[in-house]
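The structure appears right after this line, and notes come after that.
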């Protein structure tokens, strides 16, 4: 999203179902009250040549599931950004203190991949190792021109960020572009082994369809 926010033709909207998800799930996320007070944006009011909606797969609950929102998904090109669960799970545990399969979204992403003929899968490692190549290939699939401005930005908070940015986006706000991929050095937490066994086959299915440059 931060990259697309640098385009000359794009409006970005950040996690428009987050408040809905918190209301429905009851999860006690950081800045929960601020997110609920912000509410759900009016997606129909967005007007630009390119509209980039950043969603979280686990937000698709309570009347906003894939099965219930077929027209919503059909009207959009689905881009699935994936990350190896060996890297993602420890980060989520650090931020949320407790995680379960419904927090991860891999199963929902697989459903979207199987349901949407036009779904584009991008692996975060591929993106970090070759940002220009992956973004160029992504833009080609979308039928829009790649813009060099997508590769860098000024540090700080962007107007497209949600109200939850002070907690979740500290690293993004400190960045000025895509940082090189680096493997995690700390050991994988043994308490996450069961979740890893659940997530890995789903990730591998998504990864087999990923965009290459």
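FYI, it's all coordinate maths here, none of it is from the lab. All figures in this text were calculated on a predicted structure; none of them were measured in a lab. FYI the Cβ positions are ideal-geometry reconstructions off the backbone, even for glycines, and counts take in every protein chain you see.
Take the conditions loosely packed, with under 14 Cβ neighbours inside 10 Å, touching a helix residue (DSSP H, G or I) at 6+ places or on another chain (Cβ under 8 Å) and closer than 20 Å to residue 206 by Cβ and apply them to residue 100. Does it pass?
Working: loosely packed, with under 14 Cβ neighbours inside 10 Å: yes; touching a helix residue (DSSP H, G or I) at 6+ places or on another chain (Cβ under 8 Å): yes; closer than 20 Å to residue 206 by Cβ: yes.
So residue 100 fits the description; yes.
Within region 1-39, the set of residues being under 19 Å from residue 160 (Cβ atoms) and over 20 Å from the mean Cα position of the chain (by Cα) comprises 8, 9, 34, 37.
If we keep just the residues of region 1-24 that are without any contact (Cβ under 8 Å) to a residue 40 or more places away in the chain and not in a loop (DSSP other than H, G, I, E, B), which is surrounded by the most Cβ atoms within 10 Å (Cβ to Cβ)?
19
Of all the numbered requirements in (1) out of contact with any strand residue (DSSP E or B) (no Cβ under 9 Å at 6 or more places or on another chain); (2) part of a helix (DSSP H, G or I); (3) within 18 Å of residue 11 (Cα to Cα), residue 102 misses one, and that requirement is (3).
Taking into account only those residues within region 30-48 that are part of a loop (DSSP other than H, G, I, E, B) and in contact (Cβ under 8 Å) with a residue 60 or more places away in the chain, which is surrounded by the fewest Cβ atoms within 10 Å (Cβ to Cβ)?
Taking region 30-48 first, the residues part of a loop (DSSP other than H, G, I, E, B) are 30-31, 39-42, 46-48.
When the remaining residues are screened for being in contact (Cβ under 8 Å) with a residue 60 or more places away in the chain, the result is 30-31.
Working: 30: 12, 31: 18.
Filtering region 30-48 for residues that are part of a loop (DSSP other than H, G, I, E, B) and in contact (Cβ under 8 Å) with a residue 60 or more places away in the chain, the one surrounded by the fewest Cβ atoms within 10 Å (Cβ to Cβ) comes out as 30.
Being surrounded by 14 or more Cβ atoms within 10 Å (Cβ to Cβ), touching a strand residue (DSSP E or B) at 6+ places or on another chain (Cβ under 8 Å) and within 30 Å of residue 184 (Cβ to Cβ) is a description that applies to residue 126.
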